[in-house]
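Engineer: Pasting in a structure now, in structure tokens, and then I'll have a few things to ask.
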Amino acid sequence: MNESAIFVRGLVRSFGERRAVDELDIDVAKHEFLGLLGPNGAGKTTTIQVLATLLAPTQGQVRVLGLDPATQGSELRQRIGMVPQEIALYDDLSAAENLEFLGKIYGLRGTRLGERVDWALQAAGLEDRRRSRVGEFSGGMKRRLNLVSALLHEPELVFLDEPTAGVDPQSRNHLFEMIEGLRGQVTLVYTTHLMGEVERLCDRIVVMDEGRLVAAGT
């Protein structure tokens, strides 16, 4: 457990009588890129929400970066990045204003905040749209900005929940290049329905169905 970025044993998350996650065991090594696959309703997003402190487990042992997400959430959130399925940006703010706002939430201030915002805009290929309202952006541009917003504070672990949904091939390839650039720097958990994405990006995959792990390997 001490050498794992994520250690999960017997995880159960219930909603009433329904078990969305059912006795799940997962290990993710430091700097590993793990693909989490499965059909809609398999429990992928619920699992990520537990690991990212957004949901408390019903039962089981969970450690993320050595911390218990249920009791040490505040400390853990400073060390992880989360890219949800839904775009987590404000349409009425500019690209830079979105990044500045989110950076301040992570405790960035002054020169450091400015440096990280500049880095994020460059990484997303949006330097020339710094002052443009996000509501004017294409879906691919929003996805790229959504990704870098989760990397502002240089997290150790990043969760990507179907980050390429609804984007064109050019933007998808840009996202892939951004993600590949993180290798060796972060641990990554990537959920998708698309085998081609995990084949390109991930070291190992875990397949879930009806809340259970049904297959795992390279």
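Engineer: Using only the Cα atoms of the range 1-126, each taken as one equal point scatterer with no solvent, compute I(q) by the Debye sum, divide by I(0), and report log10 of the ratio at q = 0.13 Å⁻¹.
Structural biologist: Debye curve over Cα of the range 1-126, log10 I(q)/I(0) at q = 0.13 Å⁻¹: -0.67.
Engineer: What residues qualify as long-range amide H neighbours of Val158, i.e. H under 5 Å apart, gap of 5 or more or another chain, H built at 1.01 Å from N?
Structural biologist: Gly81, Thr187, Leu188, Val189
Engineer: Follow-up. Using a 1.4 Å probe, what is the accessible area per residue for the range 120-160, in Å²? Kindly include the intermediate steps, with their values, before the conclusion.
Structural biologist: Numbers: 1470 Å² over 41 residues.
Heavy-atom SASA per residue in the range 120-160 reads 36 Å².
Engineer: Roughly how many whole Å is it from the C-alpha centroid of the range 146-218 to that of the range 86-111?
Structural biologist: Here the answer is 22 Å between Cα centres.
Engineer: Under a GNM of the chain (C-alpha, springs under 10 Å), which listed residue has the highest mean-square fluctuation: Lys142, Lys104, Lys30?
Structural biologist: Looking only at Lys142, Lys104, Lys30, the largest GNM fluctuation is found for Lys104.
Engineer: Quick check on the chain: helices-only [θ] at 222 nm, where DSSP H runs of length 4 and up contribute -39,500 (n - 2.57) each and the sum goes over total residues. Nearest 500, please. Mind showing how you got there, number by number?
Structural biologist: Working: 7 runs with 68 residues, N = 218.
Mean residue ellipticity at 222 nm (helix-derived): -9000 deg cm²/dmol.
Engineer: Just how many % of Cα pairs in the range 116-170 lie over 12 Å apart, if you round to the nearest whole percent? Working shown, then result.
Structural biologist: Values: 987 of 1485 pairs.
For the range 116-170, the fraction of Cα-Cα distances above 12 Å is 66 percent.
Engineer: Then there's this: Taking the range 88-189 as the region of interest, what is the percent of Cα-Cα pairs per 5 angstrom bin, listed from the shortest bin to the one with the maximum distance?
Structural biologist: Reading upward from the zero bin: 2, 14, 25, 25, 22, 10, 2, 0.
Engineer: What are the radius of gyration and Dmax of the chain, computed over its Cα atoms and given in Å?
Structural biologist: 17.1, 51
Engineer: Straight distance only, please: which lysines reach the Cα of Lys30 with their own Cα at less than 21 Å, same-chain residues fewer than 8 apart left out?
Structural biologist: Once the sequence-local lysines are set aside, what remains near Lys30 is Lys44.
Engineer: Once phi is turned into θ = phi - 60°, what whole-Hz ³J(HN,Hα) does the Karplus curve with 6.51, -1.76 and 1.60 give for every residue of the range 149-164, x standing for Gly and Pro?
Structural biologist: Coupling constants for the range 149-164: 5, 7, 10, 3, 8, 6, x, 7, 9, 10, 9, 10, 9, 6, x, 9 Hz.
Engineer: Reachable aspartates and glutamates from Lys142, Cα under 15 Å, same-chain residues fewer than 8 places away excluded?
Structural biologist: Output for Lys142: Glu86, Asp91, Asp92, Glu97, Glu127, Asp128, Asp161, Glu162, Asp168.
The values are calculated or read from the model by the stated rules, or taken from the named source; none is laboratory data. What you see is a predicted model; the values in this text were computed from it and never measured. Note: areas computed on protein heavy atoms with side chains; ligands, DNA, RNA excluded. Shrake-Rupley method; radii C 1.70, N 1.55, O 1.52, S 1.80 Å.
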